[in-house]
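Enquirer: Take a look at the following structure, please.
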Amino acid sequence: MSTIFECRCSEGIGGLFPELDVPAQGVEQLIDPLLVRTQLLRLPDLSEPQVARHYTALSKMNFGVDDGFYPLGSCTMKYNPKLNEDVASLPGFAGLHPRSDVLRSQGALQLLFELTGLLRDIAGMADVSLQPVAGAHGEMSGMFLFKKYFEARGESARKRILLPDTAHGTNPASAALAGFSVTEIPSDQVGMIDLKALEEALDETVAGVMLTVPNTLGIFEANILQVTKMIHTAGGLCYFDGANLNSFLGQARPGDMGADVFHFNLHKTMSTPHGGGGPGAGPIAVSDLLADYLPVPRILQENGVYGLDWDNPDSIGSVHSFYGNFLVAVRAFAYILQLGDEGLRTVSENAVLNANYLQERLKKTYPLPYDGLCKHEFVLSGKGIADGITTLDIAKRLIDYGVHPPTVYFPLTVREALMIEPTETESKETLDQFAEILETIAVEAKEDPQLLHEAPRNAPVRRLDQTQAAKNPVLTYPFDEKAE
Amino acid sequence: MRYIPNTSDDRREMLASIGVSSIEELFADIPSSLRENFQPLGLPMRSEMEVASMLGTMADRNNSTDAVCLLGGGIYDHYVPSIVGHLLSRSEFSTAYTPYQPEISQGTLTAMFEFQTFVCELTRMEIANASMYDGATALAEAVLMAERIRKKGVVAVPLSLFSHLRRVLDTYCWATEIEIHEIPYKEDGTVELTSLPEELSAIVIQTPNAFGVIESLAGLKDRMGEALLIVSCHPLSLGLLQPPGAFGADIVVAEGQSLGLPMGYGGPLLGLFATRREYLRQMPGRVSGRTVDADGNTGYAMAAQTREQHIRRQRATSNICTNSALCALAATIYLASIGSAGLRQVGELNLQKAHYLADGITAIDGYELAFSGTFFNEFVLNIPGDAAVIHDQLVQAGFAVEAPDDLRAVGFENALRLAVTEKRTREELDRLIQVLGGIR
Amino acid sequence: MAYPTDYRYTKDHEWIQLQGHRARIGMTDHAQTELGDIVFVELPAVGTSVQKGDNVATVESVKAVGDMFAPAAGTVVEVNDGLESSPETINSSPHEGGWILVLEISDPAELEDTLDAAGYESFTAGG
């Protein structure tokens, strides 16, 4: 696929902006000549039809949730309601400058205030900040809150975070950002955190634990209350990664489980689009212990008037330019308003039903390391399907059948892992088709393995050489190559 | 519920095949006390039409389309070509996720590659990533990166940095225990670099700075010793202004909202991040790299992934996972639509109109530019009178102008900052001058 | 691939060829197979002194990172510069051409806890 830089250039096309309507002054009079650009500027100058064709063609080389089944485990690729797109583009929202006078931003502030309250109640916790703009950003903010909390208590020696070996990579990375070291706790034979190992690891240097509930194996920690109690008794705090909230929306609340920080992934649970990798939003809910340290500004309401509260000396400060990803918050707000309590509950019911249904059928063909009730996702293994066949081969062959592969090679504790999360917005028919495809691939693996090794064949490109991409990375269009 | 395709028959069949009699049984693994303590929100289910109406009412309470926007400070009211929104709304782009399976993500990956190229062309740096959350976190991560490379524990930061960038930087530096040394500014508004400490991991310069003044980066890099030069710049000015890469910048960051994004009450935004090729392994964020497929055709895949959290975990260059991909796509389409000619043109429109307004206002008795330094599309005015009162009168007259509080906080008793973009017509500017002239 | 019997091995999948106080160190065949195509090697500077257990070099493949740890305290006296342009040598010749660095070791006794070829083979078979 060629890039925009390879399109035939037109001359300066113009037509977007009107002519200057004020008397022009010489640029050299307005700007010091040393500061005027003399460097190359190789942006293509194209007509609008060329731009339209190019990006339309690119879009057809992509696969989104609207194209087909997208069972990426832990990503919750549910359908993105189009109403959300419409409300997020309302000029009153999209056209609002963040430095607008507070009295002229009442609608936006009201939305932020109300969403804060809704998320706080969904979490069952004391307060919420909408500032973090991604799950990892929420994790980082949570770790900053931990640090502030212990600093305030003179317990800065608490420098260790415990996390299970099934943790998502962002967890230890976020802890490290805040200066914590991480200790991995093994999972037991049923895939839950090993209580004994956890107990042994607990001492006065532990700041707390980072857990995903249910965990990345799709298994709900049966001992969650015991775990959080152990951590609190030892003087630590509990961080909950809320990536898997889709599994217990409307059923239970992380606040009741003992969470001190809980992050939402609005682009997962709350249906806002994933955008090819972002933007998302990672608001955090906190317990009483941490509410004072939340980022500024906080959104407040007094006598029906909404405002921004910057006055919070104990705050960790800010983690974003302004108030978080407002237009993402708009989408999530519309979604929650549409669903209501009944709708939220129906989400987790159907998500969990779909996952267990698929698990029950697929375990007949693929190894299922943890065979029991799962929540909204489950992990299979591609090991032993056939000689010389890896999960990667299976994933690439799925592409030929028009399905997006599940998450592969994660969590790290399962060899040749295939993490499948159907979500509630898929029909039984789609699930049956998917199961049939996977069953067919298992047969192909034994009878005609070349089909897998050479997959994908029905994609815009064949299997890509990732080694070459990694070895001498070419990260920008090589303009000079053309001259050769 | 509208978004759930399963019928009750489907559910019955699925329950039967699992071997349970009710959905309730599928939640038996959640401790019963948690189920009992659950409290609903007290929200009814609502129709799409109702919710559309509710949100419409909220949006109308924002009076944003009435006022003539002169707000700036990193976020600007720019014209976005119609084509951007249309192409961006293609669901193949918006409903896809991170391109972990490159063979079916060539749209995203090719666009990322184009975006990286655009950022490098604008800034004249060697490599760029596929986006950070916003200009503030991009700057914070640049400082963290410089600290990883130089390990001096101190960075120099100008007092003329936007307050929202400084606030985020303060938080990240507190968390990572990096000390901030403040750089004052001269009378003309540019940075005063004569008495910097010897040992620094980096020096941060913002240009144009918080006062709108363009900094001269000429010769700076040579006087910095080992410290890395981090420049936070304004991407839309780079059609007109010499880019930081020409002056030896080591890391360049920016807020990319001006490149085709709505103001959106401050989010989502777009962090640009570019650096030298030799620092690739220290650079945070995703990158798309060119490669070939099994047939030898050109394709794109995520490159240098071993820097990232999903592989390096606690030793990753950053914890960033989800970034601002769709916003980067918007910027890519915007730049493809305006081209180099368009970028120069929009830069000139901003420059000329801002100076026209400044000249018109400073012709009024008592109004002066706070700084003599060259500016692009934003400037600070000293006000003859109570800036808060003048501000309110401008608002009454239908102009959105930033309140003087931020400037007061840094010692400007009576000043206002105004930003002028290509969208401001001569009529609007003349009326503003007239209103100010009429205030006594 | 057979494991040279005159080498010592660590549980971190490194091999050591000891000549007096000089220890030539590399990655075992088992490790390079696990890592996959190697694309980058981060070598220490000659002259760096390390303690036992220090992370002395890093080997990167497309999908993973392999850390090399100093099996004993010492000083880096030689590094395999060829790996900069041809990191894949570790894949094709892990025990010979793909050597990574040479450490001048202060106390060879620190290597007593390493395995011999047979010991390493059964270690990897079990793991």
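Rule-based calculations on the coordinates, nothing more; no lab input. Since this is a predicted model, take the numbers as computed values, not measurements. We place every Cβ from the backbone using ideal geometry, glycine too, and count neighbours over all the protein chains shown.
Enquirer: Name the residue farthest towards the positive end of the dipole of the protein assembly as shown from the options B:Ala52, B:Gly285, B:Thr123, assuming +1 on Cβ of Lys and Arg, -1 on Cβ of Asp and Glu, about the Cα centre.
Expert: My answer, from the dipole projection, is B:Ala52.
Enquirer: If you don't mind, there's one more thing I want to ask. So how much slack lies between A:Asp309 and A:Glu454, counting 0.36 nm per residue of separation and subtracting their Cα-Cα distance, in nm?
Expert: Here the segment from A:Asp309 to A:Glu454 would lengthen by 46.4 nm.
Enquirer: Let me ask something additional. Summarise the partner chain shielding of B:285-295 as one whole number: the mean count of Cβ atoms from other chains within 10 Å of each residue's Cβ.
Expert: Mean partner-chain Cβ count within 10 Å for B:285-295: 6.
Enquirer: I'd like to know which of B:Ala96, B:Val68, B:Pro81 lies farthest towards the positive end of the charge dipole of the range B:1-133, counting +1 on Cβ of Lys and Arg and -1 on Cβ of Asp and Glu.
Expert: B:Val68
Enquirer: Turning to a different aspect of this structure: Note down the relative contact order for chain C as a percent, whole number, built from C-alpha pairs under 8 angstrom at least six residues apart.
Expert: 31 percent
Enquirer: Now for a separate question. Expressed in nm to one decimal, what extension gain is obtained for the pair C:Glu34 and C:Ser122 from 0.36 nm per residue of sequence separation less their Cα-Cα distance?
Expert: Difference between extended and current length: 30.0 nm.
Enquirer: Where both partners of a DSSP beta bridge lie in the protein assembly as shown, what percent of those bridges are antiparallel, to the nearest 5?
Expert: Details: 73 of 108 bridges.
Roughly 70 percent of the DSSP beta bridges within the protein assembly as shown come out antiparallel.
Enquirer: Let me ask something else. Taking every residue in A:247-258, how many Cβ atoms of other protein chains lie within 10 Å of its Cβ, on average?
Expert: 4
Enquirer: Can you tell me the dipole magnitude for the range C:1-54 around its Cα centre, using point charges on the Cβ only (Lys, Arg +1; Asp, Glu -1), in Debye to the nearest 20? Intermediate values should be presented prior to the final figure.
Expert: Numbers: 5 positive and 8 negative charges, 67 e Å.
It works out to roughly 320 debye.
Enquirer: If you keep only loop residues by DSSP, which GluC sites (Glu not before Pro) in the range A:387-459 have at most 16 other Cβ atoms within 10 Å of their Cβ?
Expert: Those that pass, being in a loop and sparsely packed, are A:Glu454.
Enquirer: Quote the relative contact order of the range A:348-447 in percent (integer), defining contacts as alpha-carbon pairs under 8 Å separated by 6+ residues. Mind showing how you got there, number by number?
Expert: On the way: 155 pairs, mean separation 33.5, N = 100.
With pairs under 8 Å counted, the relative contact order is 33 percent.
Enquirer: What does the charge dipole of the range A:343-469 about its Cα centre add up to, to the nearest 20 debye, if the Cβ of each Lys and Arg holds +1 and the Cβ of each Asp and Glu holds -1? Mind dumping the intermediate values first?
Expert: Details: 14 positive and 20 negative charges, 51 e Å.
The dipole magnitude comes to about 240 debye.
Enquirer: Turning to a different aspect of this structure: How tilted is helix B:135-150 with respect to the longest principal axis of chain B? Cα atoms for both, answer in degrees (0 to 90, nearest 10).
Expert: Helix B:135-150 sits at roughly 90 degrees to that axis.
Enquirer: For peptide B:425-437, compute the average count of partner chain beta-carbon atoms within 10 Å of each residue's beta-carbon.
Expert: 1
Enquirer: OK, next. Can you compute the helix-only [θ] at 222 nm over chain B? Use -39500 (n - 2.57) per DSSP H run of at least 4 residues, normalise by all residues, nearest 500 deg cm²/dmol. List each step's numbers first, then the result.
Expert: On the way: 13 runs with 159 residues, N = 440.
For chain B, the value works out to -11500 deg cm²/dmol.
Enquirer: Restricting the count to DSSP beta bridges whose residues both fall in chain B, what percent are antiparallel, rounded to a multiple of 5?
Expert: Antiparallel: roughly 55 percent of the beta bridges in chain B.
Enquirer: Here's another thing I want to ask about it. As I understand it, the value is the acute angle between the Cα axis of helix B:387-396 and the longest principal axis of the Cα atoms of chain B; what does it come to in degrees, rounded to 10?
Expert: Taking the Cα atoms of chain B, the angle to B:387-396 is about 60 degrees.
Enquirer: Something else now. Explain nothing, just the number: dipole magnitude of the protein assembly as shown about its Cα centre with +1 on each Lys and Arg Cβ and -1 on each Asp and Glu Cβ, in debye rounded to the nearest 20.
Expert: Using Cβ point charges on Lys, Arg, Asp and Glu, the protein assembly as shown gives about 920 debye.
Enquirer: With n ≥ 4 as the cut-off for DSSP H runs, can you work out [θ] at 222 nm for chain A, using -39500 (n - 2.57) per run divided by the number of residues, rounded to the nearest 500? All intermediate terms of the calculation are to be shown ahead of the outcome.
Expert: Details: 15 runs with 169 residues, N = 484.
Only helices count here, giving -10500 deg cm²/dmol.
Enquirer: Just order B:275-286, A:245-256 by mean Cβ neighbour count inside 10 Å, highest at the front, would you? All intermediate terms of the calculation are to be shown ahead of the outcome.
Expert: Details: B:275-286: 19.7, A:245-256: 23.9.
The packing order, highest mean first, is A:245-256, B:275-286.
Enquirer: Which of these, B:Ala354, B:Ala363, B:Ala254, has the largest mean-square fluctuation under a Gaussian network model of chain B (Cα springs below 10 Å)?
Expert: Sorting by GNM fluctuation, first place goes to B:Ala363.
Enquirer: Additional query: Name the residue farthest towards the positive end of the dipole of chain B from the options B:Ile214, B:Ala388, B:Leu335, assuming +1 on Cβ of Lys and Arg, -1 on Cβ of Asp and Glu, about the Cα centre.
Expert: Farthest towards the positive pole: B:Leu335.
Enquirer: I would also like to ask the following. Determine the relative contact order of the range B:82-334: mean sequence separation of Cα pairs under 8 Å and six or more apart, normalised by residue count, in whole percent.
Expert: Worked out over the range B:82-334, it gives 28 percent.
Enquirer: Of the beta bridges DSSP finds with both residues in chain A, what % are antiparallel, to the nearest 5?
Expert: Beta bridges within chain A, antiparallel portion: roughly 55 percent.
Enquirer: Identify the GluC sites (Glu not before Pro) of the range A:155-206 meeting these criteria: DSSP loop state and at most 13 other C-beta atoms within 10 Å of the C-beta.
Expert: A:Glu204
Enquirer: Pick from B:Leu241, B:Leu34, B:Leu329: which residue has the top mean-square fluctuation in a GNM of chain B where Cα pairs under 10 Å get a spring?
Expert: B:Leu34
Enquirer: Once both axes come from the Cα atoms, what is the angle between helix B:325-362 and the longest principal axis of chain B, in degrees from 0 to 90, rounded to 10?
Expert: Roughly 20 degrees, rounded to the nearest 10.
Enquirer: Same structure, new question: Report, ordered by chain and residue number, the lysines lying within cross-link reach of A:Lys82, taken as a straight Cα distance under 26 Å and ignoring same-chain residues fewer than 8 apart.
Expert: Output for A:Lys82: A:Lys60, A:Lys268, A:Lys428.
Enquirer: Another question about this same structure. Select from the range A:118-216 those trypsin sites (Lys or Arg not before Pro) which occupy a DSSP coil region and have at most 16 other Cβ atoms within 10 Å, ordered by residue number.
Expert: A:Arg153, A:Lys159
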